[in-house]
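Let me begin by presenting the structure, written as structure tokens, before commenting on it.
Readers should treat all values here as calculations from the given coordinates under stated rules, not as data from a laboratory. Since the structure is predicted, the reported quantities are computational estimates derived from the model, not experimental observations. Cβ atoms come from the backbone with ideal geometry, glycine included; neighbour counts cover every protein chain shown.
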Amino acid sequence: AKELQDHLLNRHKTMDRIGEYLFEKQKHFLLKGEPHLVPLKQKEVAQALSMSPSTISRLFSSKYCRTPQGIIPLKHLAPRSYFGKTMDQLRDLIRDILEEFPTLSDQKLSDVLHERGIPMKRRTVTKYRMVLGVEARYK
């Protein structure tokens, strides 16, 4: 019974450490919402907490937390980085550019993204255009 109690206490402490780290890193997201979510690799969390990446992955895949944005999976607080942005932020950026310049070809949109520091290939731009459901209206 003592051993089980120790394991549960250790698990509780581990979850506290992970929560504190994530909430500190994602402070702006918690206060201001989705556009302020910062890309964060699970590997980075593991290194910062001196834990195994597989342990972090297991914990992230099965835990939820209550935030001002509602109840969300813990893994939502550690989104992948796509050129320094989350996938949603990248989609929003592409949508905004397409609204501003609706007649850009995929290659020209790729060039605009390159100018903004996002080295995205034309094929990837085409994929995002299709995901966004934006028709190509080239001149």
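Observations on the structure shown:
- Looking at the stretch 88-139, the pairs of alpha carbons with a distance over 12 Å make up 58% of the total.
- Computed over neighbours whose Cβ is under 13 Å from that of Asp16, the net charge equals +2, Lys and Arg +1, Asp and Glu -1.
- With K and R counted +1 and D and E -1, the other residues having a Cβ less than 13 Å from that of Asp111 yield a net charge of +2.
- Alpha-carbon gyration tensor eigenvalues x 5, square-rooted, for the stretch 13-122, Å: 32, 16, 10
- Residues of type lysines that Lys63 reaches as a straight line, Cα spacing below 21 Å, ignoring anything fewer than 8 places off in the same chain: Lys13, Lys25, Lys27, Lys41, Lys43, Lys75
- Computed over neighbours whose Cβ is under 14 Å from that of Gln47, the net charge equals +3, Lys and Arg +1, Asp and Glu -1.
- Within the chain, longest stretch clear of exposed chymotrypsin sites (Phe, Trp or Tyr not before Pro) (DSSP loop, no more than 15 other Cβ within 10 Å): 1-82
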